[in-house]
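Here is the structure we will look at.
The values are calculated or read from the model by the stated rules, or taken from the named source; none is laboratory data. What you see is a predicted model; the values in this text were computed from it and never measured. So basically every Cβ, Gly included, is an ideal-geometry build from the backbone, and we count neighbours across all protein chains shown. Heavy atoms of the whole protein, side chains included, go into the accessibility calculation; ligands, DNA and RNA do not. Shrake-Rupley method; radii C 1.70, N 1.55, O 1.52, S 1.80 Å.
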Amino acid sequence: MIAVVQRVSDAQVVVDGRVVGRIGGGLLALVAVHATDEDADVAWTAAKLVGLRIFRQGDKHFEVDVKQAGGSVLLVSNFTVAAETRQGRRPSFIAAAAPEKGRALFDALVEAVRGQGVAVETGVFGADMAVSLVNDGPATVVIDSRKQ
């Protein structure tokens, strides 16, 4: 799994004019499932998201994780994050999982993060989503279970 993770003060997902997921302070993660991902990738990604020390504490900028900061996580499925862009001008999505596998592992990620005691909101898998956020920092990192 690969995710673009942003520390936010506010984020939301709108589908068909309706807010389907919204958080205040916390993490927004745009997540893609790779074709080669397995349950171990889900577990690693969930632990990394929850344990990532990306929040401020006093004068230290990267000291506490989302749970310690009292934040939430907005998980948004986004297969384009798995794009390969090394050749040509058009991204290739061959590395992304097929929709059925993508949905199953994304849903497992949602449950794994919730299982660690963090409030989770989501978008709608496969939908045309409008994602808006206020990046706090800005602080943006990429996590990739293939590079663990």
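Values computed for the structure shown
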| quantity | calculated |
| --- | --- |
| Val134-Arg103 FRET efficiency (beta carbon distance; Förster radius 30 Å; 0.05 resolution) | 0.60 |
| Rg to Rh, two decimals, where the stretch 1-99 supplies the alpha carbon set and Rh follows Kirkwood | 1.03 |
| Alpha carbon convex hull of the stretch 37-147, volume per residue in cubic angstrom | 133 Å³ |
| The chain, relative contact order [Cα under 8 Å, separation at least 6], % | 38 percent |
| Of Gly102, Gly21, Gly117, the one that fluctuates the most in a GNM where the chain has Cα springs shorter than 10 Å | Gly117 |
| Segment Asp39-Gln57, length gained on full extension (0.36 nm per residue, minus Cα span) | 3.2 nm |
| Helix 39-51 vs. the chain, principal-axis angle (Cα, 0 to 90°, nearest 10) | 30 degrees |
| Most mobile of Val113, Val64, Val13 in a GNM of the chain (Cα contacts under 10 Å) | Val64 |
| Principal-axis tilt of helix 99-114 within the chain, Cα atoms, nearest 10 degrees | 10 degrees |
| The stretch 1-102: trypsin sites (Lys or Arg not before Pro) falling in loop per DSSP and having at most 10 other Cβ within 10 Å | Arg86, Arg89 |
| Computed helical MRE - 222 nm, the chain, DSSP H runs ≥ 4 contributing -39500 (n - 2.57), nearest 500 | -6500 deg cm²/dmol |
| Accessible area in square angstrom per residue, the chain, 1.4 angstrom probe | 54 Å² |
| Residue among Ser9, Ala82, Pro99 farthest towards the positive dipole end of the stretch 1-100, charges placed on Cβ | Ser9 |
| Carbon/sulfur fraction of accessible area - the chain, other protein chains in place, 1.4 Å, % | 50 percent |
| Neighbourhood charge, 14 Å Cβ-Cβ cut-off, centred on Asp128 and excluding it, Lys, Arg +1 and Asp, Glu -1 | 0 |
